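The values are calculated or read from the model by the stated rules, or taken from the named source; none is laboratory data. Keep in mind it's a predicted model, so treat the numbers as computed, not measured. All Cβ positions, glycine included, derive from the backbone under ideal geometry; neighbour counts span all protein chains shown. Note: accessible area is taken over every heavy atom of the protein model, side chains too, but ligands, DNA and RNA are not part of it. Shrake-Rupley method; radii C 1.70, N 1.55, O 1.52, S 1.80 Å.
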There are 2 protein chains.
Amino acid sequence: MSRPVVDHTHAPDLKTWVEGANGHADFPVQNLPLGVFSPRGGDARIGVAIGDFILDVRAAFGAGLLPGQSAEALEARTLNTYMGLPASQRRALRHALSALLTEDANAAKVQPLLHPAADCTMHLPAQIGDYTDFYVGIHHAMNVGALFRPENPLLPNYKHVPIGYHGRASSIRVSGTPVVRPNGQTKAPTAEAPSFGPTKRLDYELEIGVWIGAGNELGQPIRIEDALNHVAGFCLLNDWSARDFQAWEYQPLGPFLAKNFMSTISPWVITIEAMAPFFVAQKARPQGDPQPLPYIWDEADQAGGALSVDLKVSITSEAMRKDGVAAMQLSEGPATNMYWTVAQIVTHHASNGCNLNPGDLLGSGTISAPERSGFGSLMEITRGGAEPVEIPGGVRTFAEDGDQIALSARATADGYVSIGFGPCEAIIKPALPLA
Amino acid sequence: MSRPVVDHTHAPDLKTWVEGANGHADFPVQNLPLGVFSPRGGDARIGVAIGDFILDVRAAFGAGLLPGQSAEALEARTLNTYMGLPASQRRALRHALSALLTEDANAAKVQPLLHPAADCTMHLPAQIGDYTDFYVGIHHAMNVGALFRPENPLLPNYKHVPIGYHGRASSIRVSGTPVVRPNGQTKAPTAEAPSFGPTKRLDYELEIGVWIGAGNELGQPIRIEDALNHVAGFCLLNDWSARDFQAWEYQPLGPFLAKNFMSTISPWVITIEAMAPFFVAQKARPQGDPQPLPYIWDEADQAGGALSVDLKVSITSEAMRKDGVAAMQLSEGPATNMYWTVAQIVTHHASNGCNLNPGDLLGSGTISAPERSGFGSLMEITRGGAEPVEIPGGVRTFAEDGDQIALSARATADGYVSIGFGPCEAIIKPALPLA
């Protein structure tokens, strides 16, 4: 297994000279996530988040502060080239950035290259060639399966095949971009004919995104022992869903317009190197479940290929924002509820020779806990709209115009400084009027 | 409705000075398809097919022979920028190319910019951002539906929703690229557990591809009356399928590894301008079928939005090639068996605000005729392998290693010179040995 190693950049006593960054909830110096940002009035460039600041990596490279690094990777407007670098080069960049931000001798040179994050605009970190969404949240699969197919919630293939499907790359947007309620076709089971209009069942899906690093050639599979060498990092992903469109369109070829109107991701790439301390044993496969086929089975992956990440969703309605009421938590649960590991989905995806490219995005699928307090979508929380959830000043079955949905993630491990994934949020705008 | 108009470039008596091109089966001067090619020893550039030659469009532009055209579009290594031009500019290019190739006064200047097609390498014509496959061949939907769901072949949504799903963009290759038989998971209905190995049911699918031209902004739908303004052209598409993988994996989210190991397209973009004479009335929707919702209904589109294109598939086994036996035709049928028009699928795709981009590719889905001689896949021809088809020196249920599958298409209309789509073929290579 090719899991990255814990090294001095993860040391809990490591401190940065950047003001306010030590003890920062998301971006202490143990994190060092990469992203693409524009400072006020500037063009898009690669940066690294440190506390409430962003270090301009392009400028640091230009100033000779990152010697030996790849100009092609660090002067680009996206992280695709960086993602495709060998793991050793990506690790070297992490070490160099860590040194710049922790050694007091560097402070004077590096300080002028910091921008307050609040003054910057974040962009998509990569040009996403292909986006694939998996379905590894077994409790979600059972919850949703029970609503769509009460007689048959978990299909017979689920525990053998990491189920996935191709999603829409063009409509992925970074946190902060509003989502417009989509129009579409629906047909209630009792209606005689379908109709066209705004979705009445707009939902979010809480997912972890996986950024593909080094790709594979068409026809060349990826061995499970090597799979994590093909991963560059992680993000949060909200796979917005129109449940009424989905129910009417999804047979026989899967979700289409129910999902492709927009997906929201967090802008920071939490590198796989940063995640090294947060890989833990796989827990979501109960004793007695069928053993997967050898091509997607690796004992070392089972022992240390799951993610120790705590996931949360919150909602703030327009009225709550107006009244200054804080966001209300809708759910919280661990990413260890993924039935298939990251290595398993990467290997399965390439097992038929399908070629992955740097900057491709894989979604985990909705990650739900077994209990309602950890359900990763409104569909599950409200049992298809039958059991509304109370929020300050109102109730929700599905999301309403003006609601802001915010996902968050925090990786934790005993003896290590926990790191956050940064924001993944969007406000819902009303549907366009029909022509 | 925004169908392109027939003009002097389609005149049946128009002749080119290019040797052997008048009366050429695929590429007479009425066609003028665009593609990306490398001449022997040269780099990739845009060209136009004329008879058995390719005119170097980049060189013609560089020599000042295409004044007023877009340098950004014509000097690029892909057709994406060209595809995104306004229809008026694309038409102007067609007019200019037609003049270069038909006026004798241009022959001396243009002749040196022609390359024998046999000496050139073809490339993908565009960087494909997203690839979407539809399912508009109603006879295919019924044939395959009957095999997968005998009790329920055509689902209730079929005649209301143009069913589609997202496919894999990274594994699309041009004609001539071999396809490697994929390994994957299968489970026979009678088997106790799944197994992993080479597909035993490798199939082709005969489809028309639609190249998206001008895109739409996220959140902004495309009116059906404007839909063809967002189409740049057409190609052939073979959506290779592993039927055994498909049967085991496709529930509940649709086909995935059964399809994404490779798709083959023809390299030439048959422009929508070239297709102007070949739009005909929609015939595949019988009287009495439900009327589609207004957003995907346009009387003018019904009257003239279907494609008069004859589609064929042939097979040549390795033994046939060795013995010098000509390809055997497996099927022939018209593209008017598409239940939904091109305008309807474009409009439906963007109806929820999903943004399309220049160079996106839409597949029609397999186009089958009602009778066996026009079935567009082996799955249908052999009824799931139950009724083998005889070929010279053997029989086939599904495709075997060494088989070459070739699709072809010809647009025809009374009073016009018919045009071909060029080759769309691939030879099947054996699966990689399992590790």
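The residue list B:L14, B:L100 contains one member that is in contact (Cβ under 8 Å) with a residue 60 or more places away in the chain and over 22 Å from B:L236 (Cα atoms), which is B:L14. Residues in the stretch A:121-179 that are under 16 Å from the mean Cα position of the chain (by Cα) and of a type in the set (D, E, K, R): A:D130, A:D133, A:R168, A:R173.
Taking every residue in the stretch B:318-333 that is closer than 15 Å to B:V395 by Cα and pairing it with any residue that is part of a helix (DSSP H, G or I), at least 6 positions away or on another chain, the pairs with Cβ-Cβ distances below 7 Å are B:L330/B:I381. Going through (1) over 23 Å from A:I172 (Cα atoms); (2) touching a residue at least 24 places away in the same chain (Cβ under 8 Å); (3) more than 17 Å from the chain's Cα centre (by Cα) one by one, A:Q251 falls short only on (2). The set of residues in the stretch B:271-282 being over 16 Å from the mean Cα position of the chain (by Cα) and open to solvent by less than 10 Å² (accessible area, probe 1.4 Å) consists of B:A276 alone.
Checked against (1) open to solvent by less than 30 Å² (accessible area, probe 1.4 Å); (2) touching a His at 6+ places or on another chain (Cβ under 8 Å); (3) not small (G, A, S), B:L74 passes all but a single condition, namely (2). Please indicate, with yes or no, whether at least one residue in the stretch B:412-433 is modelled with pLDDT under 95 and more than 30 Å from B:R149 (Cα to Cα). Among the residues of the stretch B:412-433, at least one is modelled with pLDDT under 95 and more than 30 Å from B:R149 (Cα to Cα), which makes the answer yes. Pairing each residue of the stretch B:118-135 that is more than 13 Å from every other protein chain (Cβ to nearest Cβ) with any residue that is at pLDDT below 95, provided the two are 6+ apart or on different chains, yields no C-beta distance under 9 Å. With respect to A:P33, determine if the residue is in contact (Cβ under 8 Å) with a residue 24 or more places away in the chain, over 19 Å from A:F421 (Cβ atoms) and not hydroxyl-bearing (S, T, Y). No; evaluated as a whole, the condition is false for this residue. Please indicate, with yes or no, whether at least one residue in the stretch A:253-270 is surrounded by fewer than 20 Cβ atoms within 10 Å (Cβ to Cβ) and either among the small types (G, A, S) or outside any strand (DSSP E or B) (or both). No. Hey, among the residues in the stretch A:241-252 that are of a type outside the set (F, W, Y) and either more than 7 Å from chain B (Cβ to nearest Cβ) or in contact with a strand residue (DSSP E or B) (Cβ under 8 Å, 6 or more places away or on another chain) (or both), which one's surrounded by the fewest Cβ atoms within 10 Å (Cβ to Cβ)? In this case the residue turns out to be A:A247. Filter the stretch B:400-435 for residues that are polar (S, T, N, Q) and either within 14 Å of chain A (Cβ to nearest Cβ) or in contact (Cβ under 8 Å) with a residue 12 or more places away in the chain (or both); which is surrounded by the fewest Cβ atoms within 10 Å (Cβ to Cβ)? Step by step, filter the stretch B:400-435, then rank; the result is B:T412.
Please work out if A:D52 is in contact with a strand residue (DSSP E or B) (Cβ under 8 Å, 6 or more places away or on another chain) and surrounded by fewer than 22 Cβ atoms within 10 Å (Cβ to Cβ). The answer is yes for A:D52.
Would you confirm whether any residue within the stretch A:226-237 is within 13 Å of chain B (Cβ to nearest Cβ), surrounded by fewer than 24 Cβ atoms within 10 Å (Cβ to Cβ) and more than 22 Å from the chain's Cα centre (by Cα)? No, because not a single residue in the stretch A:226-237 is within 13 Å of chain B (Cβ to nearest Cβ), surrounded by fewer than 24 Cβ atoms within 10 Å (Cβ to Cβ) and more than 22 Å from the chain's Cα centre (by Cα).
The condition (being within 22 Å of the chain's Cα centre (by Cα) and either of a type in the set (F, W, Y) or under 30 Å from A:T271 (Cβ atoms) (or both)) is satisfied by just one residue among A:A411, A:A399: A:A411. Selection of the stretch B:172-182 for residues being facing chain A (nearest Cβ under 7 Å) and crowded, with 24+ Cβ neighbours inside 10 Å yields only B:P182.
Return yes when A:A214 is more than 8 Å from chain B (Cβ to nearest Cβ), modelled with pLDDT under 95 and surrounded by fewer than 24 Cβ atoms within 10 Å (Cβ to Cβ) and no when it is not. The answer is no for A:A214.
Do we find that B:A191 is of a type in the set (A, V, I, L, M, F, W, C), more than 9 Å from every other protein chain (Cβ to nearest Cβ) and open to solvent by 20 Å² or more (accessible area, probe 1.4 Å) in this structure? Here the answer is yes, as B:A191 does meet what is asked. So, in the stretch B:1-40, of the ones that are modelled with pLDDT under 95 and open to solvent by 40 Å² or more (accessible area, probe 1.4 Å), which residue ends up nearest to B:Y295 (Cα to Cα)? Selected residue: B:M1. Residues being assigned to a strand (DSSP E or B) and surrounded by 14 or more Cβ atoms within 10 Å (Cβ to Cβ) are entirely absent from the stretch A:283-304. The set of residues from the stretch A:138-176 being farther than 24 Å from B:D133 by Cα, assigned to a loop (DSSP other than H, G, I, E, B) and in contact (Cβ under 8 Å) with a residue 12 or more places away in the chain comprises A:P153, A:L154, A:Y158, A:K159, A:H160, A:S175, A:G176. Condition test on A:V161, is it within 14 Å of another protein chain (Cβ to nearest Cβ), crowded, with 24+ Cβ neighbours inside 10 Å and within 30 Å of A:T347 (Cβ to Cβ)? Spelling it out, A:V161 is indeed within 14 Å of another protein chain (Cβ to nearest Cβ), crowded, with 24+ Cβ neighbours inside 10 Å and within 30 Å of A:T347 (Cβ to Cβ). Scanning the stretch A:147-158 for residues that are within 11 Å of chain B (Cβ to nearest Cβ), of a type in the set (A, V, I, L, M) and closer than 29 Å to A:T336 by Cα turns up at least one hit. Note on the stretch A:329-399: enclosed strands (runs of 3 or more DSSP E) holding 1 or more residues that are surrounded by 21 or more Cβ atoms within 10 Å (Cβ to Cβ) are A:361-363. For the stretch B:122-137, state whether one or more residues are more than 30 Å from A:Y131 (Cα to Cα) and surrounded by 15 or more Cβ atoms within 10 Å (Cβ to Cβ). No, because not a single residue in the stretch B:122-137 is more than 30 Å from A:Y131 (Cα to Cα) and surrounded by 15 or more Cβ atoms within 10 Å (Cβ to Cβ). Looking only at the stretch A:339-386, how many residues end up being under 19 Å from A:L218 (Cα atoms) and either among the hydroxyl-bearing types (S, T, Y) or modelled with pLDDT under 95 (or both)? Residues flagged as under 19 Å from A:L218 (Cα atoms) and either among the hydroxyl-bearing types (S, T, Y) or modelled with pLDDT under 95 (or both) within the stretch A:339-386 amount to 2. Considering only residues in the stretch A:55-66 that are more than 12 Å from A:L114 (Cα to Cα) and in contact (Cβ under 8 Å) with a residue 12 or more places away in the chain, the one that is surrounded by the fewest Cβ atoms within 10 Å (Cβ to Cβ) turns out to be A:A63. Considering the stretch B:79-121 alone, what residues qualify as being open to solvent by 10 Å² or more (accessible area, probe 1.4 Å), among the hydroxyl-bearing types (S, T, Y) and within 18 Å of B:D7 (Cα to Cα)? Hits for the stretch B:79-121 are B:S88, B:T102.
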